[in-house]
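Novice: Sending over a structure as structure tokens; questions will come in a sec.
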Amino acid sequence: MNKYENNKKAVQKLVLDKSVHRDVYINEEIFKLEMEQLFPNVWIFIGHASQIKTPGDFITSKIGNQPILVSRHRDNSIHVLYNRCPHKGVKIASEPCGNTGKFFRCPYHAWSFKTDGSLLAVPLKKGYEGTGFADTAASKGLSKVENVKIYKDFIFARLSKNGPSFEDYFGDSLSTIDNMVDRSPNGALEIVSSPIRYMHTCNWKMLVENQTDTCHPMVAHESSAGTAVKVWEREKVNSVSKDTPIAVQFYAPFMSPYEFYESTGIRIWPNGHGHTGVTGSIHQDYTDVDGYMEQMVEKHGDEKAKQIINDVRHNTVYFPNIMVKGAVQILRNFIPISVDKTLVESWCFRLVGAPQKFFERSLMYNRFINAPTSIVGHDDLEMYERAQEGLKSDGNEWVNLQRLYDEDEKHDVTEIINGTSERQMRNQFNAWSKYMTLNMSEKLEAAE
């Protein structure tokens with residue numbers, strides 16, 4: 001029996017003011033409850049409208065462990081559907097993306113559905129006459145996800161009928177998406193390439209925490225990024241070009257000292273969202289791209305153009321499981337597979353109308369930093385795997401999140417704090433506890 005299921009107090013006891021219990025990372029019952037409670041209760045990113053430009057286009061996604069199908073209908077409307085045939089439960093689409101034409105066809109019994117999910121045809125339909133088929137859920141076609149929001153082409157959905165509105169859930173944190181879109185002279189982003197996608201042997205929350213952990217880069221990446229910097233310092237005196245190579249521009253900031261991160265700050269928002277890099281960022285010193293500033297000034301005027309370009313936030317975490325790097329147009333999706341396995345997708349966006357150099361930079365950053373071949377990515381992966389193993393030790397059941405803790409801390413507030421604080425991690429776990437137990441009592445009463 002799951003000792004946490006329908007036990008609100010037991011779940012809440014896992015998250016204290018300054019620490020969290022190891023079960024949040026290693027307990028399979030907690031992982032199961034996250035799939036049943038957490039992910040359905042919050043707004044989850046499931047794709048981008050540019051991935052389904054023409055009627056018949058579709059993408060597949062997941063909300064927790066629920067397979068999702070997103071399609072473009074013939075009237076150009078976008079529909080978010082449960083990826084499950086209403087007949088025998090077979091997944092309608094198994095590919096990450098494609099074009100289905102005018103309808104979807106189940107590969108098992110050939111039931112077919114329009115691209116808005118409605119039932120199109122059933123083979124040997126006369127066999128259902130007089131059975132009351134018209135009154136069943138199966139006759140209505142593919143089940144629709146009712147709570148959907150498309151925000152500046154980013155598609156989000158919430159499975160639970162009861163929960164916060166999109167606007168209340170994200171609030172001012174949407175300013176990061178706004179900034180990334182505003183960086184396009186045309187005010188638009190598009191996905192034109194496949195993501196980097198690979199498995200991590202750890203709990204999904206470790207990856208999310210790492211995005212705003214500024215006390216590990218100069219330690220964990222010293223042997224990789226630190227070596228790259230040392231090699232460049234040694235070799236640049238003999239280099240024909242005095243320009244710093246783009247690889248070094250990417251790697252060098254990882255060796256920034258604690259003082260740098262302290263001064264750049266972290267901003268927290270309600271519901272577990274937050275970002276590093278408030279007054280400065282590891283992305284602030286990249287080489288300028290010729291002609292871009294002129295485009296932005298023409299679009300926005302001088303003052304607003306500078307404001308957009310100078311807002312170089314490092315990592316923005318949208319709770320529960322995505323991170324956005326607006327300055328380099330990257331979104332990372334941390335998809336939970338099991339309690340100790342997480343599939344990571346790293347997507348690059350093209351700034352529509354901007355010089356191609358920006359997209360090239362985004363692709364290069366993704367490969368240098370987020371790919372399985374990355375020299376710095378291996379450092380993080382090693383730490384995740386060690387943590388997943390180490391937490392099984394009975395020497396200490398609690399994970400410490402005490403750095404720069406203040407007894408007067410309040411939950412669900414907007415605040416700028418020291419850039420090496422673990423406050424954002426505490427913010428995430430406050431949201432975790434909140435949404436893990438949302439509607440739990442009502443579900444228990446309904447089951448009884």
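The values are calculated or read from the model by the stated rules, or taken from the named source; none is laboratory data. In this text the structure is predicted, and so the values were computed from the model without any measurement. Here Cβ is always computed from backbone atoms with ideal geometry, including for glycine, and neighbour counts include all displayed protein chains.
Novice: Which of the residues that make up the range 177-229 are under 17 Å from residue 370 (Cβ atoms) and of a type in the set (Lys, Arg)?
Specialist: Taking the range 177-229 and keeping what is under 17 Å from residue 370 (Cβ atoms), we get 180, 191, 193-202, 204, 206-213, 216-217, 220-221, 224-225, 228.
197 - this is the single residue of the range 177-229 that is under 17 Å from residue 370 (Cβ atoms) and of a type in the set (Lys, Arg).
Novice: Can you tell me which of (1) in contact with a Phe, Trp or Tyr (Cβ under 9 Å, 6 or more places away or on another chain); (2) loosely packed, with under 14 Cβ neighbours inside 10 Å is the one residue 271 doesn't meet?
Specialist: All conditions are met except number (2).
Novice: Right, here's the next one. Select the strands (runs of 3 or more DSSP E) contained entirely in the range 1-89, then report the ones holding at least 1 residues which are over 27 Å from residue 347 (Cα atoms).
Specialist: Numbers: elements: 19-21, 44-48, 57-63, 66-72, 78-82.
Of the strands (runs of 3 or more DSSP E) lying wholly inside the range 1-89, those with at least 1 residues that are over 27 Å from residue 347 (Cα atoms) span 19-21.
Novice: Give the residues of the range 274-306 that are surrounded by fewer than 17 Cβ atoms within 10 Å (Cβ to Cβ) and without any contact (Cβ under 8 Å) to a residue 24 or more places away in the chain, sorted by residue number. Don't jump to the end; show me each part of the working.
Specialist: Our first condition is that a residue be surrounded by fewer than 17 Cβ atoms within 10 Å (Cβ to Cβ); within the range 274-306, this holds for 279, 284-285, 287-291, 293-294, 297-299, 301-304, 306.
Within the range 274-306, 279, 288, 293, 294, 297, 301, 302, 303, 304, 306 meet the criteria.
Novice: Conditions: (1) modelled with pLDDT of 95 or more; (2) surrounded by 13 or more Cβ atoms within 10 Å (Cβ to Cβ); (3) hydrophobic (A, V, I, L, M, F, W, C). Residue 416 meets all but one. Number of the miss?
Specialist: (2)
Novice: Just need a number here: residues in the range 246-259 that are of a type outside the set (S, T, N, Q) and either under 30 Å from residue 42 (Cα atoms) or without any contact (Cβ under 8 Å) to a residue 60 or more places away in the chain (or both). Please lay out each step first, then the result.
Specialist: At the first step, the residues of the range 246-259 found to be of a type outside the set (S, T, N, Q) are 246-248, 250-255, 257-259.
With the extra rule that they be either under 30 Å from residue 42 (Cα atoms) or without any contact (Cβ under 8 Å) to a residue 60 or more places away in the chain (or both), the set shrinks to 248, 252-253, 255, 257, 259.
Qualifying residue count, the range 246-259: 6.
Novice: Out of the residues in the range 108-129 that are hydrophobic (A, V, I, L, M, F, W, C) and part of a strand (DSSP E or B), state the one that is nearest to the chain's Cα centre (by Cα). Give the steps one after another, and end with the answer.
Specialist: Here is the first cut: in the range 108-129, the residues hydrophobic (A, V, I, L, M, F, W, C) are 110-111, 113, 119-122, 124.
Of the ones still in play, those that are also part of a strand (DSSP E or B) are 113, 119-121.
Working: 113: 30, 119: 32, 120: 34, 121: 37 Å.
Among those residues, the one meeting the criterion is 113.
Novice: Here's something else I'd like to know. So, in the range 112-147, how many residues would count as being of a type in the set (A, V, I, L, M, F, W, C) and in contact with a strand residue (DSSP E or B) (Cβ under 9 Å, 6 or more places away or on another chain)?
Specialist: Looking only at that region, the number is 8.
Novice: So in the range 85-117, with the set limited to residues that are without any contact (Cβ under 8 Å) to a residue 24 or more places away in the chain and within 23 Å of residue 46 (Cβ to Cβ), which one is surrounded by the most Cβ atoms within 10 Å (Cβ to Cβ)?
Specialist: Looking at the filtered set, the residue picked out is 106.
Novice: Looking at (1) more than 17 Å from the chain's Cα centre (by Cα); (2) closer than 25 Å to residue 429 by Cα; (3) at pLDDT 95 or above; (4) assigned to a loop (DSSP other than H, G, I, E, B), find the lone condition where residue 184 falls short.
Specialist: (2)
Novice: Take residue 345 and tell me if it is in a strand (DSSP E or B) and either of a type outside the set (A, V, I, L, M, F, W, C) or touching a His at 6+ places or on another chain (Cβ under 8 Å) (or both).
Specialist: Working: in a strand (DSSP E or B): yes; either of a type outside the set (A, V, I, L, M, F, W, C) or touching a His at 6+ places or on another chain (Cβ under 8 Å) (or both): yes.
So residue 345 passes the test.
Novice: Any residue that is within 30 Å of residue 436 (Cβ to Cβ), part of a strand (DSSP E or B) and in contact (Cβ under 8 Å) with a residue 40 or more places away in the chain - is there at least one of those in the range 216-232?
Specialist: No, the range 216-232 has no match at all.
Novice: Of all the helices (runs of 4 or more DSSP H) wholly in the range 349-448, which have at least 1 residues that are in contact with a helix residue (DSSP H, G or I) (Cβ under 6 Å, 6 or more places away or on another chain) and of a type outside the set (A, V, I, L, M)?
Specialist: Here the list reads 356-365, 377-390, 423-436.
Novice: Follow-up question, since we're still on this one. Tally the residues that are out of contact with any strand residue (DSSP E or B) (no Cβ under 8 Å at 6 or more places or on another chain), of a type in the set (Lys, Arg) and buried (at least 20 other Cβ atoms within 10 Å of the Cβ), restricting the search to the range 345-403.
Specialist: Residues that pass the stated criteria total 1.
Novice: Further question: Being within 20 Å of residue 334 (Cβ to Cβ) and not hydrophobic (A, V, I, L, M, F, W, C) is the filter here; which residues of the range 391-426 pass it? Give the steps one after another, and end with the answer.
Specialist: Quick first cut of the range 391-426, residues within 20 Å of residue 334 (Cβ to Cβ) only: 391, 399, 401, 422, 424-426.
422, 424, 426 - these are the residues of the range 391-426 that are within 20 Å of residue 334 (Cβ to Cβ) and not hydrophobic (A, V, I, L, M, F, W, C).
Novice: What do you reckon, is residue 150 outside any strand (DSSP E or B), of a type in the set (A, V, I, L, M) and surrounded by 13 or more Cβ atoms within 10 Å (Cβ to Cβ)? So that I can check it myself, show each step before the final result.
Specialist: Details: outside any strand (DSSP E or B): no; of a type in the set (A, V, I, L, M): yes; surrounded by 13 or more Cβ atoms within 10 Å (Cβ to Cβ): yes.
When the stated conditions are applied, residue 150 does not pass them.
Novice: Given 338, 421, which one is over 25 Å from residue 274 (Cβ atoms), assigned by TED's automatic domain parsing to the domain that holds residue 288 and of a type in the set (S, T, N, Q)?
Specialist: On inspection, the qualifying residue turns out to be 338.
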